[in-house]
1. Of (1) within 28 Å of K181 (Cβ to Cβ); (2) part of a helix (DSSP H, G or I); (3) modelled with pLDDT under 50; (4) among the hydroxyl-bearing types (S, T, Y), S5 satisfies all except one. Which?
2. Cβ-Cβ below 7 Å, separation at least six or inter-chain, first residue in region 122-137 and among the aromatic types (F, W, Y), second assigned to a helix (DSSP H, G or I) and buried (at least 24 other Cβ atoms within 10 Å of the Cβ): which pairs?
3. Scanning region 136-189 for residues that are under 19 Å from C58 (Cα atoms) and not in a helix (DSSP H, G or I), which turns out modelled with the lowest pLDDT?
4. Return the pair list, or none, for Cβ contacts closer than 6 Å from residues in region 171-192 that are under 17 Å from S71 (Cβ atoms) to residues that are among the polar types (S, T, N, Q) and in a helix (DSSP H, G or I), at least 6 apart or on different chains.
5. In this structure, does Y116 turn out to be in a helix (DSSP H, G or I), touching a Lys or Arg at 6+ places or on another chain (Cβ under 9 Å) and either modelled with pLDDT under 85 or surrounded by 12 or more Cβ atoms within 10 Å (Cβ to Cβ) (or both)?
6. Quick test of your reading of the structure: I45 fulfils all but one of (1) out of contact with any Gly (no Cβ under 6 Å at 6 or more places or on another chain); (2) part of a helix (DSSP H, G or I). Name the failing condition by number.
7. How many residues are surrounded by 18 or more Cβ atoms within 10 Å (Cβ to Cβ) and modelled with pLDDT of 85 or more if we restrict to region 42-58?
8. Under the condition of being surrounded by 15 or more Cβ atoms within 10 Å (Cβ to Cβ) and farther than 11 Å from A133 by Cα, which residue from region 80-96 is modelled with the lowest pLDDT?
Amino acid sequence: MSRRSPNSACAASNSARTPSAEPTSGESDDVLPTTEHFKQELERITGNAEIEEALTFCRDLFEREEQRAASLESKATTLMGFGALTAAFVSGFAGLLLDEATAPCMSVVKVLALVYILLVSSFASAIFCGLQALLPQMITVPAPGDILELAQSNVGLTVVRRERAGEFYKSYLANRETTNKKGSWVKLAQVSVVFGMVCLLLVAIVLSVHLILI
């Protein structure tokens with residue numbers, strides 16, 4: 001069930017749409033309100049129901065960004081495994097193919113050698129990009145100590161919820177930047193794998209044509 005964002009924070013909620021689990025969110029960072037601007041918008045919310053809805057909305061943004069990061073890391077792991085498996089397979093059979101199928105024709109050997117270098121390089125690039133996406137990154141979370149200190153100051157539940165919503169949004173923005181970097185590396189890994197598969201297909205075509213003609 002979808003939730004209705006607070007009317008007084010309409011601009012902020014429209015800009016900070018729920019991120020998807022794709023490698024890149026498709027949103028530009030400069031269209032999102034800054035933490036300061038978002039907190040200023042939250043100050044205009046006075047109703048308990050509205051501020052509770054804003055808190056739920058910000059918490060959902062934070063949690064969905066965590067899910068997006070986990071999805072990207074899963075894709076990076078899959079791409080790395082596929083790249084490593086394919087590179088090992090190609091490396092194991094490269095010498096056999098060149099010796100038995102292409103040794104009599106030096107022109108074919110040169111073509112295959114060039115494509116083979118591109119092939120291995122592409123899968124090595126996929127592994128490297130996947131590793132970059134999996135490198136440990138600093139994750140921002142709301143500071144529980146600040147919330148406890150605020151709660152003990154007897155400022156009221158509405159103020160506490162407003163501050164907590166602002167902290168969730170602040171953490172979301174920081175984590176979103178980190179996740180977008182992961183997404184960029186995963187996208188590069190995907191491109192590398194596709195290029196490697198094209199090279200592998202080219203090798204198969206060249207070898208097939210050569211075997212037919214000899």
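The values are calculated or read from the model by the stated rules, or taken from the named source; none is laboratory data. Note that the coordinates shown come from a computational prediction; the quantities given were computed from them, not determined experimentally. Backbone-built Cβ (ideal geometry, glycine too); neighbour counts: all protein chains shown.
1. Only one criterion is unmet by S5, namely (2).
2. Every condition considered, the pairs that remain are F123/G196.
3. Going through the qualifying residues, I end up with A143.
4. Qualifying pairs under 6 Å: W185/Q132.
5. Answer is no for this residue.
6. Result: I45 passes all but (2).
7. Initial filter on region 42-58 (surrounded by 18 or more Cβ atoms within 10 Å (Cβ to Cβ)): 42, 45, 50-51, 53-55, 57-58.
Going one step further and asking which of them are modelled with pLDDT of 85 or more, we end up with 42, 50-51, 53-55, 57-58.
Number of matching residues: 8.
8. Step one: of region 80-96, the residues surrounded by 15 or more Cβ atoms within 10 Å (Cβ to Cβ) are 80, 82-84, 86-87, 90, 94.
Next cut, farther than 11 Å from A133 by Cα only: 82-84, 86-87, 90, 94.
Working: F82: 89, G83: 87, A84: 86, T86: 84, A87: 79, V90: 75, A94: 61.
Here the residue is A94.
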